[in-house]
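**Q** The structure follows.
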Amino acid sequence: MKILVPVKRVLDYNVKPRVKADGTGVDLANVKMSMNPFDEIAVEEAIRLKEKGVATEIVAVSVGPAKAQETLRTALAMGVDRAILVQIDDEVEPLAVAKILKAIGDAEQPGLVILGKQAIDGDNNQTGQMLAALTGWAQGTFASAVNVEGDHVSVTREVDGGLETVKLKLPAIVTTDLRLNEPRYASLPNIMKAKSKPLDTKAPADYGVDTAPRVKTVKVSEPPVRSAGVKVADVDELVAKLKAMGVHS
Amino acid sequence: MKTLVWVEHDGSAVKDATLAAVTAASKLGEVHLLVAGDGVDGVAKAASEIAGVGKVHVADNAAFGHNLPENVAPLVAELMASHDAFVAPATTTGKNIAPRVAALLDVMQISEILSVEGPKTFTRPIYAGNAIATVESSDAKLVLTVRGTAFEKAATSGGSGAVEAVSAGGDAGISSFVGAEIAKQDRPELTSAKIIVSGGRALGSSEKYEEVIVPLADKLGAALGASRAAVDAGYVPNDYQVGQTGKIVAPEVYFAIGISGAIQHLAGMKDSKTIVAINKDEDAPIFQVADFGLVADLFSAVPELTGKI
């Protein structure tokens, strides 16, 4: 079985996003960029399925700028077999990404597509579900466990208040949550080896997908600033403040 | 504009997040509800009493019993032929279903709206709330999810919506529900708790987390949380993590204990109504967002607080 893993290059999760003064977005010039953390988990899960003998080939895809090549090389260094970059400099909305992935899926015929549940820049949490709608496949979102059993996959999902398990007919879409696994670091020999793994570059037009945005960003602003409150001298003063707010046992 | 709001329920009662979605939808126009499920007469009745509701579409079918998006999304898409906006609470159920509906309708969804600025204009958090985007849709129809903490809850009485059965839809035959493990009710869920007590790396061990953090949470009936550093150090399981890559929370009171206040963590809790920080480092960034800061050794201050509160 082939597994398709879409990955996105995003602002590193440890970098504080800075809103541009002109309100057009978040400043991404000269800041550290990394693979979206949820996508790293998706890559790891695909590699584990290959190590278990369930998957035979893993293909990573990124829809983004030329520099997303670095993200794909990271995926290749972790253990992905080959990569496809669908190169576009403009921001691409989840719906258009899902359409591109649908077209790639038609060509690649994967048994599973594993995606991060959301990218930590746009926080949309849409691409996997949209791809599931476009393919007509079943979806297991926010996965904390994935088990392929014959022609089905059993997915344990993190839902509000606990866990839920669903059984999906293959091919299927899985989106990852944090607890699914802990992604490995690429070793130096594997980073070297990744440089010679195949990486194809395509354009959205190759898939006949219109990437024109449907939603216009009018402005991006700083969230309301939270001002520091007071320092209390001791536990007694804190208890008094809390009790005044109605917080007590 | 005619809106269709997804009613999230547990089989007997309407969940709170739905009420915030109703308020958001009412800012757009007429509010219709969709109650889908298996044996939902009671829920439909409760839904029809929500203030301001015009019509309640009820799809009672075993295939809708567990909110499987493969079965539910086509039903919603069909109902959307006579509605202009689909509005779902941004819960795990809403987030699972809404994008599937949006793609079926060829609409770009707007996720987790914080406010309605115009008929097609909304604000929403990006970068885990570190920036707020004002966005305007150009699609013919809208698909929205609504952040529950951003809107008042609609009143659960006073409405008199007309209940109408929907016969559309059924089992797509590609997915089934196997089972659920819903957390025991003796501790509230992190994402809906009124009070959260979180511990950080300064605790030093899982034993200390148990010894210091848990008793305070028990005493206050609070949910337990942790920073990524505490999770990475193995003090608590991953699902305790509050932060950009963990859970985004907004309780009435958030206790950050032994948490320095990394960006990653602040992104997950800075919308809390009141933040209480206890840390021995008076320069810790957590104090810049805390309403009440106590510079103290947590190993003595927290047990004292637990004793006195």
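**Q** Looking at segment B:126-137, which of its residues are closer than 17 Å to A:Gly23 by Cα and either without any contact (Cβ under 8 Å) to a residue 40 or more places away in the chain or more than 7 Å from chain A (Cβ to nearest Cβ) (or both)?
**A** Residues satisfying the conditions are B:Ile126, B:Ala131, B:Ile132, B:Ala133, B:Thr134, B:Val135, B:Glu136.
**Q** Within the set of pairs 6 or more residues apart or between chains, which connect a residue that is within 11 Å of chain B (Cβ to nearest Cβ) inside segment A:138-151 to a residue that is of a type in the set (Phe, Trp, Tyr) with Cβ atoms less than 9 Å apart?
**A** Cβ pairs passing all conditions: none.
**Q** Follow-up question, since we're still on this one. Restricting to segment A:160-175, name every residue that is at the interface with another protein chain (Cβ under 7 Å from one of its Cβ atoms), within 19 Å of B:Val72 (Cα to Cα) and either among the small types (Gly, Ala, Ser) or touching a strand residue (DSSP E or B) at 6+ places or on another chain (Cβ under 7 Å) (or both).
**A** Of everything in segment A:160-175, those that are at the interface with another protein chain (Cβ under 7 Å from one of its Cβ atoms), within 19 Å of B:Val72 (Cα to Cα) and either among the small types (Gly, Ala, Ser) or touching a strand residue (DSSP E or B) at 6+ places or on another chain (Cβ under 7 Å) (or both) turn out to be A:Glu164, A:Thr165, A:Val166, A:Lys167, A:Leu168, A:Lys169.
**Q** So the check is Cβ under 7 Å with 6+ separation or different chains; which pairs have a first residue in segment A:202-218 that's within 14 Å of another protein chain (Cβ to nearest Cβ) and free of Cβ contacts under 8 Å to residues at least 40 places away in the same chain and a second one that's outside any strand (DSSP E or B) and of a type in the set (S, T, N, Q)?
**A** Within 7 Å, the pairs are A:Lys216/B:Ser138.
**Q** Are any residues in segment B:211-236 over 24 Å from the mean Cα position of the chain (by Cα) and among the hydroxyl-bearing types (Ser, Thr, Tyr), and if so, which ones?
**A** Selection gives B:Tyr235 alone.
**Q** Hey, can you tell me all the residues within segment A:16-31 that are within 18 Å of B:Ile263 (Cβ to Cβ) and among the aliphatic types (A, V, I, L, M)?
**A** A:Val19, A:Val26, A:Leu28, A:Val31
**Q** Scan segment A:84-135 for residues that are facing chain B (nearest Cβ under 8 Å), charged (D, E, K, R) and in contact (Cβ under 8 Å) with a residue 40 or more places away in the chain and jot them down.
**A** A:Glu93, A:Asp121
**Q** Are any residues in segment B:1-35 touching a strand residue (DSSP E or B) at 6+ places or on another chain (Cβ under 6 Å) and of a type in the set (Ser, Thr, Tyr), and if so, which ones?
**A** Listed by number, the residues that qualify are B:Thr3, B:Thr18.
**Q** Scanning segment B:114-125 for residues that are part of a strand (DSSP E or B) and surrounded by fewer than 24 Cβ atoms within 10 Å (Cβ to Cβ), which turns out farthest from the other protein chains (Cβ to nearest Cβ)?
**A** B:Val116
**Q** On to the next question. Somewhere in segment B:138-156, is a residue away from chain A (no Cβ under 11 Å), among the hydrophobic types (A, V, I, L, M, F, W, C) and more than 24 Å from the chain's Cα centre (by Cα)?
**A** No, segment B:138-156 contains no residue that is away from chain A (no Cβ under 11 Å), among the hydrophobic types (A, V, I, L, M, F, W, C) and more than 24 Å from the chain's Cα centre (by Cα).
**Q** A:Val10 - would you say it is over 18 Å from the mean Cα position of the chain (by Cα), surrounded by 16 or more Cβ atoms within 10 Å (Cβ to Cβ), within 14 Å of another protein chain (Cβ to nearest Cβ) and in contact (Cβ under 8 Å) with a residue 24 or more places away in the chain?
**A** no
**Q** What number goes with the only condition from (1) more than 14 Å from chain A (Cβ to nearest Cβ); (2) out of contact with any Leu (no Cβ under 9 Å at 6 or more places or on another chain); (3) among the small types (Gly, Ala, Ser); (4) buried (at least 21 other Cβ atoms within 10 Å of the Cβ) that B:Ser198 does not pass?
**A** (2)
**Q** Any residue in segment B:148-170 that is touching a residue at least 60 places away in the same chain (Cβ under 8 Å) and over 19 Å from B:Glu49 (Cβ atoms) sitting within a Cβ distance under 8 Å of a residue that is outside any strand (DSSP E or B) and of a type in the set (Asp, Glu)? List the pairs, counting only those 6 or more apart or interchain.
**A** These pairs meet every condition: B:Gly148/B:Asp16; B:Thr149/B:Asp271; B:Ala168/B:Glu78; B:Gly169/B:Glu78.
**Q** Mind listing just one residue for me: the one in segment B:80-102 that is touching a residue at least 12 places away in the same chain (Cβ under 8 Å) and hydroxyl-bearing (Ser, Thr, Tyr) and, of those, surrounded by the fewest Cβ atoms within 10 Å (Cβ to Cβ)?
**A** B:Ser82
**Q** Do we find that A:Ala75 is within 30 Å of A:Pro189 (Cβ to Cβ) and more than 14 Å from chain B (Cβ to nearest Cβ) in this structure?
**A** Working: within 30 Å of A:Pro189 (Cβ to Cβ): yes; more than 14 Å from chain B (Cβ to nearest Cβ): yes.
Answer is yes for this residue.
**Q** Any idea which residue in segment B:205-220 is nearest to B:Pro89 (Cα to Cα), counting only those that are surrounded by fewer than 18 Cβ atoms within 10 Å (Cβ to Cβ), in contact (Cβ under 8 Å) with a residue 24 or more places away in the chain and away from chain A (no Cβ under 13 Å)?
**A** In this case the residue turns out to be B:Ser206.
**Q** Still on this structure: So, in segment A:13-22, exactly how many residues are in contact (Cβ under 8 Å) with a residue 24 or more places away in the chain and more than 9 Å from chain B (Cβ to nearest Cβ)?
**A** Adding up the residues that qualify gives 1.
Rule-based calculations on the coordinates, nothing more; no lab input. The shown structure was predicted, so the numbers you read here are calculated from the model rather than taken from an experiment. Every residue, glycine among them, receives a Cβ derived from its backbone with ideal geometry; neighbour counts consider all protein chains shown.
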